[in-house]
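One structure is given here, and the rest of the page talks about it.
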Amino acid sequence: MSLNHVEFFMKRRENLINSLNDGELVLIFANEEATGANRFLQNSNFYYFTGLNTPEAILLMGKINGKSLDEIFIQRNIPERIVWDGEKIYPIHVTLLTGINLVLFIEDFEKNVVSHLTQFKKVYINCGVVGLNQPLNKSLLFIDKLKQRVPHLEIQEVSPIIRPLRQIKDELEIEALTQSIKITWEGIKSIWQNARAGMKEYELEAMLHYEMQKQGCRNFGFVPIIAAGENAATLHYIDNNTTIEDNQLVLLDVGASHENYSADISRTFPVNGKFTDRQKEVYQEVLNIQKEIISMVKPGISMVDLNAKTRELMFAAMMRLGLITEEKDVIKYYMHSIGHHLGLDVHDVGTRDSILEEGMVITVEPGIYIADEAIGIRIEDDVLVTAESNRVLSDFIPKEIDELESFLQKHR
Ligand SMILES: [Mn+2]
């Protein structure tokens, strides 16, 4: 499949502009340059419309008298700085990559935007979330200035008008997600081949990172959870510094990020290649629930329905496992929800009560966590909602007990 990237970004901006009323302007600030040893990570909304991992830029879109505005402001190259910081992107490249014809420099932004503002009634801006005790970011500082100079202007956070677009993934996004899932699988495979009892969890993290980097992927989409035995019962365990013991299960909740799209995959495996009877019993229950919930994923069903069904299935499973006798106790061993939207953000835009539509991507990730028995199991796949039902984008990553054991034992 060959995709012309530019057209996708043009289409996304066009969709947003079409959704605006006349007299509405949208300003999206890219993230600020990374400081210290941090690597730059782009603002998801800015990336969605431009595909640019360029810091400090500002995208301007709007509709006035039926005419569209589609402009971008970028930093100018300063010749003396090039030897220190490297070259910044040039306007011609911005145009080639985004399809935006009007590329201006950031120092002209305020002058330029003020010339538009007399005609506009409402401005949407990505304000971000900044704590009361934190310094203001660039967009909030800009809002301050706007309010003083154009007091009649209505200013709103932009996310609510972008959410409907970002929830539905286009072909380019599915392609990026598929690629990040493939890279994640390479990492998981390497862990399954090389993990041994006696290693620290972070050695497995290193295998994952090395394999990802070999595939050209520099970043995790999120801090990986690599949790052996009872650590897996701590849902957000990220210390990854415990020694893995023989007969333990290891829970991996990991995702490589490719073109700013992160996979989100969980697999749980026995480090020595063989499940104990009890581990097998619990694992099979989680797997059955996961498969049943996946089979329900299709347009029209809501996340609320999926959560309710999961709870019902969990109750039956936990009774069979001898864990509980009352439904209210499900929460003792399964305390999160079944999944979330996935995209440019690992917990992507989209609400907990979304009704699924074709083109959405969600995770399906039931788990049972029994701290007393040092068993924590989660199985998570990334699922695309299709016109009729769904497609599991991560379906090539083994999860059946016999597949897993035979893979692991081949390498032990
Ligand atoms: Mn997840």
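The values are calculated or read from the model by the stated rules, or taken from the named source; none is laboratory data. From a predicted model like this one, the values you see are computed outputs, not experimental measurements. Cβ sites come from the backbone with ideal geometry, for glycine too, and all protein chains shown count toward neighbours.
Structure values in brief
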quantity: In segment 1-30, the residues that are of a type in the set (A, V, I, L, M, F, W, C), over 23 Å from the mean Cα position of the chain (by Cα) and surrounded by fewer than 20 Cβ atoms within 10 Å (Cβ to Cβ); calculated: M1, I17, L20
quantity: Boolean, M303 is in contact (Cβ under 8 Å) with a residue 40 or more places away in the chain, over 20 Å from Y237 (Cβ atoms) and in contact with a Lys or Arg (Cβ under 6 Å, 6 or more places away or on another chain); calculated: yes
quantity: Residue in segment 144-162 that is under 19 Å from E33 (Cβ atoms) and part of a helix (DSSP H, G or I) present; calculated: no
quantity: Residue within segment 115-122 that is farther than 23 Å from G36 by Cα and surrounded by fewer than 12 Cβ atoms within 10 Å (Cβ to Cβ) present; calculated: yes
quantity: R267 surrounded by 18 or more Cβ atoms within 10 Å (Cβ to Cβ) and in contact with a strand residue (DSSP E or B) (Cβ under 9 Å, 6 or more places away or on another chain); calculated: yes
quantity: Pick from segment 260-278, criterion farther than 21 Å from V364 by Cβ and touching a residue at least 40 places away in the same chain (Cβ under 8 Å), ranking: nearest to the ligand (Cβ to nearest atom); calculated: N260
quantity: Answer residue from segment 248-259, given it is modelled with pLDDT of 95 or more and not in a strand (DSSP E or B) and is farthest from the ligand (Cβ to nearest atom) among those; calculated: Q248
quantity: Every residue from segment 72-131 that is of a type in the set (S, T, N, Q), within 27 Å of H5 (Cα to Cα) and not in a helix (DSSP H, G or I); calculated: Q75, N77, N101, N126
quantity: Which numbered condition A227 fails, given (1) closer than 23 Å to G273 by Cα; (2) in a helix (DSSP H, G or I); (3) at pLDDT 95 or above; calculated: (2)
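Matching residues to (1) in contact with a strand residue (DSSP E or B) (Cβ under 8 Å, 6 or more places away or on another chain); (2) within 13 Å of the ligand (Cβ to nearest atom); (3) within 27 Å of S159 (Cβ to Cβ):
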position: D329; (1), (2), (3): no, no, no
position: L344; (1), (2), (3): yes, no, yes
position: D348; (1), (2), (3): yes, yes, yes
position: V361; (1), (2), (3): yes, yes, yes
position: V364; (1), (2), (3): yes, yes, yes
position: R378; (1), (2), (3): yes, yes, no
position: E400; (1), (2), (3): no, no, no
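Rundown of residues vs (1) closer than 30 Å to Y47 by Cβ; (2) crowded, with 18+ Cβ neighbours inside 10 Å, yes/no style:
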site	(1), (2)
T325	no, no
S337	yes, no
L342	yes, yes
D353	yes, no
E357	yes, no
I370	no, yes
V385	yes, yes
D395	yes, no
